[in-house]
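Scroll down for the structure; my scribbles are underneath it.
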Amino acid sequence: LLFGATMALSLWAAARVRSVYNKHNQEPVASGITGREAAAYILRRAGITDVTIAVQDGMLSDHYDPINKRLVLSTANYDGTSAAALGVAAHE
């Protein structure tokens, strides 16, 4: 029962994240900057110079790789100018 409840909650949370992401992925930001540019700006402002920003195929496959000091953004978030793209880039 506990496993089933945990699995159901996890599936619901994943579906909710995709739903909210898709909704906000349609809203371009006024500045027109990309997710890559937003991530680079945040890193620069924080004085972090040894992290590279890379692109990778996949949906919501964005992550930080601490071993290689790489911020990996999905293609949609790397090149994207939506509120969702910038939010994901800033989060990672």
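Values quoted throughout were computed directly from the atomic coordinates according to the rules given, and no laboratory measurement underlies them. Keep in mind that this is a model prediction, so the values were computed, not measured. Neighbour counts run over all protein chains shown; Cβ positions are idealised from the backbone, glycine included.
Eigenvalues of the alpha-carbon gyration tensor of the chain, scaled by 5 and square-rooted, set the equivalent ellipsoid semi-axes at 27, 18, 10 angstrom, largest first.
Give the calculated FRET efficiency between Ala54 and Ala83 to the nearest 0.05, with a Förster radius of 25 Å applied to their Cβ-Cβ distance. FRET efficiency, Ala54 to Ala83: 0.65.
For the Cα atoms of the chain, what angle does the longest principal axis make with the long axis of helix 2-24, in degrees from 0 to 90, nearest 10? Approximately 40 degrees, to the nearest ten. Restriction of the trypsin sites (Lys or Arg not before Pro) in the chain to DSSP coil positions whose beta-carbon has at most 16 other beta-carbons within 10 angstrom yields Lys69. Converting phi to 3J(HN,Hα) with the Karplus coefficients 6.51, -1.76 and 1.60 and the offset θ = phi - 60°, segment 75-92 yields 3, 5, 8, 5, 9, x, 10, 8, 4, 5, 4, 5, x, 5, 4, 5, 5, 5 Hz in sequence order, with x at every glycine or proline.
Report, in whole Å, the centroid distance computed from the Cα atoms of segment 24-73 and segment 77-92. Segment 24-73 and segment 77-92 have Cα centres separated by 7 Å.
Segment Asn68..Arg45, full-extension length gain: 6.2 nm, with 0.36 nm per residue of separation and the alpha-carbon distance subtracted. In order along segment 27-37, phi translates into HN-Hα couplings of 9, x, 7, 5, 6, x, 6, 8, x, 4, 5 Hz, rounded to whole numbers, per the Karplus curve 6.51 cos²θ - 1.76 cosθ + 1.60 with θ = phi - 60° and x for Gly and Pro.
Averaged over residues, the count of other Cβ atoms within 10 Å places the peptides 2-8, 78-84 in the sequence 78-84, 2-8, highest first.
Kindly list the residues of segment 70-92 that lie in the label zone of Ala13, defined by a backbone N under 19 Å from the point 7 Å along the Cα-to-C-beta vector. What the label zone holds, given the 19 Å backbone N cut-off, is 88, 91-92. Taking amide H positions as modeled 1.01 Å from N, with prolines and chain starts lacking one, the residues under 5 Å from Ser74 and 5 or more places away or on another chain are Gln56, Ser61, Asp62.
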